[in-house]
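The values are calculated or read from the model by the stated rules, or taken from the named source; none is laboratory data. Given the structure is predicted, the values throughout are model-derived calculations rather than measurements. A quick note on method: Cβ atoms are made from the backbone with ideal geometry, for glycine too, and the neighbour counts reach across all protein chains shown. Each accessible area value is taken on the protein alone, full model and side chains, heavy atoms only, with ligands, DNA and RNA left out. Shrake-Rupley method; radii C 1.70, N 1.55, O 1.52, S 1.80 Å.
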Amino acid sequence: MAHSPLLDRLQTEGLLTEDQCLNVMAEASRRGESVESVIVGDSLLEEESVAKVLADLSGYRFVQLEELTVDRELLQKIPSRFLIQKQLLPVVSSNGSIVVATADPLDVSALDDLKFLLETEIEAVVVCRSELEKLARLVYGVGAESIDQLVEEKDGFQVLEEGDEAGEGTLEMAEDQALIRFVNQILLEAVRDRASDVHIEPFENRLRIRYRIDGVLHETQLPAQTKRFQSAIISRIKIMSGLDIAEKRVPQDGRIKLHVFGRDVDVRVSVIPTLTGEDIVLRLLDQQGNAFGLNDLGMAEDTLEMFRGLIDQPNGIFLVTGPTGSGKTTSLYAALSEILTPEIKVVTLEDPVEYRLDGVNQIQVNLQTGLTFARGLRSILRHDPDVVLVGEIRDLETAEIAVQASLTGHFVFSTLHTNDAPSAIPRLVDMGVEPYLISSSLEGLMAQRLVRVVCDGCREMRPISDEIRSGGGVPDEVQTEPVGIGCESCRGTGYRGRRGIYELTAVNDEVKDLVIRRAPAGEIRTVCRSHGMRTLREDGWDKVREGVTTIEEVLRVTRTDRET
């Protein structure tokens, strides 16, 4: 049976067996993909190895794409759609010819077509397909091919004014295959780049899309014509999330379920009207990618040992505090995973349910049907739970029910929005919870933040200057800090991933006495410190010393925290 030249060479060199080659051919036909894509996608061989074989077959040089400098003037001469479809990218003029990066050097006709368009000689070099696609997104923007197709097909399309109804033209555009592909590419790019949120923001003369990666927003490059299709893009997202595309005057919330790269991703959609159009935020909740155990949280050994002791109680309340997006729910899920056994029943009440835990009964708050935290918690307690997780204590009613639950033999996990751990106690008092109830039920408090981790691919250790030390209050024992100089792996940011810093304290008898006396947060904090509580910033300095994060990151996430 005849194989492709690539498969023949791979089999000859012993890199793939005959059976593997036959399977690749069948899969490529079934999926409508190239044999190269199947080989790399199914992890039969490394992408670079395949690219080098292709280079050898074609007689062209294999190069790393970072070795090439793109001349953007060359790109103006050719439609981006052509280059992206053909997997070609002219990069630079050299000695009267143009160097063209290609991921498919065996496609001679594509190279001939490009030579005709450029009206000059070309010199092909072979690069990895994923690197070429990444550079194309950087140069042209996300979904450039789809936008180019829309421009060609819909020259008469006009964006509706904000006050108009969504008419047939917009609906037709929202269901256009090119636009569907464009929106899908936005979501795929977000998942690929580990984004937690996608912000689609309309302005007077442009449409901006930003991805929140490791807690920081990054603007993504878009084709220049994207603004023209703003209304249709928003309508497409509304269709996907089951929202009313004709309603533009009130906020709407919806949900999209995706299956991407073998993972289930839940997308929460929030739409709000603004002066220049509807602003959309998509929150991506990876149902599998966020599963953490306690050892994955990055706690210091003594903190982890204390944490394990505090969560292994028959009854009481354990609170985690911090701003939105500081990893509170992740820590609580890790705690549930630690204590979960067949002998106990665990029920959670969340808004929203961020990811699924096997063996845990999870309930989602639904304000439209009247299922609030307080009402849901009352119902949960009639289901004989041993452990209850309440996503957030927002009001007195929820707080009082949580306290009563802890006093009647249940262990309750929950969260609060306070700057540090000791401040949770005055916060409950301010809500109206009686101090004697807090004293009787509260077992432990933990505040946390997330700092960005310096990228492994470009980390360097540098000495700390006197200016930085004095300005940030860095302790003397921290002599060096890691710095990411920026690389492809971290998108040039110097950071990749996040790690928690923690402030953990047990509510001992001395603290309980302060609670009864309605002592202020500062006094409670002083006592907790005297019993060994390490502050968020102190834990952050330890992470700097360990080469995990930078001084700048620690100061950024703890700037509202006190050091006394």
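Spin-label model, A246 to R263: label points 7 Å out along the Cα-to-beta-carbon direction sit 3.9 nm apart.
Only alpha carbons enter this Debye calculation for region 1-125, each as an equal point scatterer, and the log10 of I(q)/I(0) it gives at q = 0.10, 0.14, 0.22 Å⁻¹ is -0.35, -0.66, -1.26. Ordering Q64, V40, A28 by the projection of their Cα atoms onto the charge dipole of region 28-67, which places +1 on the Cβ of Lys and Arg and -1 on the Cβ of Asp and Glu, puts A28 at the extreme positive end. Within the full protein context, the accessible area of L57 is estimated at about 60 Å² for a probe radius of 1.4 Å.
Ranked by solvent-accessible area (1.4 Å probe, protein heavy atoms only, all chains present), the residues S109, S43, S94 order from largest to smallest as S43, S109, S94.
May I ask for the Rg/Rh ratio of region 10-61, computed from Cα atoms with Rh as the Kirkwood radius, given to two decimals? Don't skip to the answer; put the middle values down first.
Details: Rg = 10.9 Å, Rh = 11.3 Å.
That ratio equals 0.96.
Rg and Dmax of region 409-452, based on Cα coordinates, read 11.8, 40 Å.
Quick one: what do you get for region 169-257 if you divide its Cα Rg by 2.2 N^0.38 Å?
Against the empirical 2.2 N^0.38 Å value, I get 1.07 for region 169-257.
As a length-normalised measure over Cα pairs under 8 Å and 6 or more apart, the relative contact order of the chain settles at 8 percent. Of the whole protein surface, F229 contributes about 0 Å² of accessible area at a 1.4 Å probe radius.
Overall form of region 173-213: oblate. Here a/c, set by the Cα gyration tensor axes a ≥ b ≥ c, is 1.5 or more, and a/b is not larger than b/c. Scaling against 2.2 N^0.38 Å puts the C-alpha radius of gyration of region 224-295 at 1.33. In this view, the solvent-accessible surface of K52, computed with a 1.4 Å probe and all protein chains in place, comes to about 100 Å².
Of the accessible area of the chain, computed with a 1.4 Å probe over protein heavy atoms only, carbon and sulfur atoms account for 46 percent. Over region 420-564, the Kirkwood radius and the radius of gyration, each from Cα atoms, give a ratio Rg/Rh of 1.09. Is region 273-341 rounded, prolate or oblate when judged by the Cα gyration tensor, a ≥ b ≥ c being the square roots of its eigenvalues, rounded requiring a/c under 1.5 and prolate requiring a/b larger than b/c? It is prolate, given that a/c is not under 1.5 and a/b is the larger ratio. Rg and Dmax of region 296-440, both derived from C-alpha coordinates alone, stand at 14.4, 44 Å.
When DSSP assigns beta bridges and you keep just the ones with both residues in the chain, what percent turn out antiparallel, to the nearest 5?
Close to 65 percent.
Taking Rg/Rh (Cα atoms, Kirkwood Rh) as calculated from this structure, the corresponding entry among [x] 1.03; [y] 0.97; [z] 0.93 is [x]. The orientation-averaged shadow of the Cα convex hull for region 431-490, equal to a quarter of the hull surface, comes to 8.2 nm². Largest first, the residues E460, E46 sort by 1.4 Å accessible area into E46, E460.
Under 19 Å from a label point set 7 Å out along the Cα-to-Cβ vector of L371, the amide N atoms of region 251-269 belong to 253-257, 266-269. For region 328-410, what class follows from the C-alpha gyration tensor (a ≥ b ≥ c being the square roots of its eigenvalues): rounded when a/c is under 1.5, otherwise prolate if a/b is larger than b/c, else oblate? Oblate, because a/c is 1.5 or more while a/b does not exceed b/c.
So between R559 and N508, what do we pick up on full extension, going 0.36 nm a residue minus the alpha carbon distance?
Taking R559 through N508 to full extension adds about 15.6 nm, to one decimal.
Applying 1/(1 + (r/R0)^6) with r as the Cβ-Cβ distance of Q225 and S94 and R0 = 45 angstrom yields a FRET efficiency of 0.90. In the chain, helices alone account for a calculated mean residue ellipticity at 222 nm of -11000 deg cm²/dmol, with every DSSP H run of four or more residues adding -39,500 (n - 2.57). Computing FRET efficiency as 1/(1 + (r/R0)^6) for N205 and T480, where r is the C-beta to C-beta distance and R0 is 51 Å, gives about 0.65. Taking 4.7 Å between beta carbons as the limit, the unpaired Cys residues of the chain are C21, C128, C528. Normalised radius of gyration (Cα atoms, divided by 2.2 N^0.38 Å) for region 491-564: 1.37. Computed from the C-beta positions of S130 and S379, the FRET efficiency with R₀ = 41 Å rounds to 0.25.
With every protein chain in place and a 1.4 angstrom probe, the accessible-area ranking of R498, R559, R545, R375, largest first, reads R559, R375, R545, R498.
Can you tell me how much longer the chain between D253 and N315 gets when fully stretched, taken as 0.36 nm per residue apart minus their C-alpha distance, in nm with one decimal?
Answer, rounded to one decimal: 18.7 nm.
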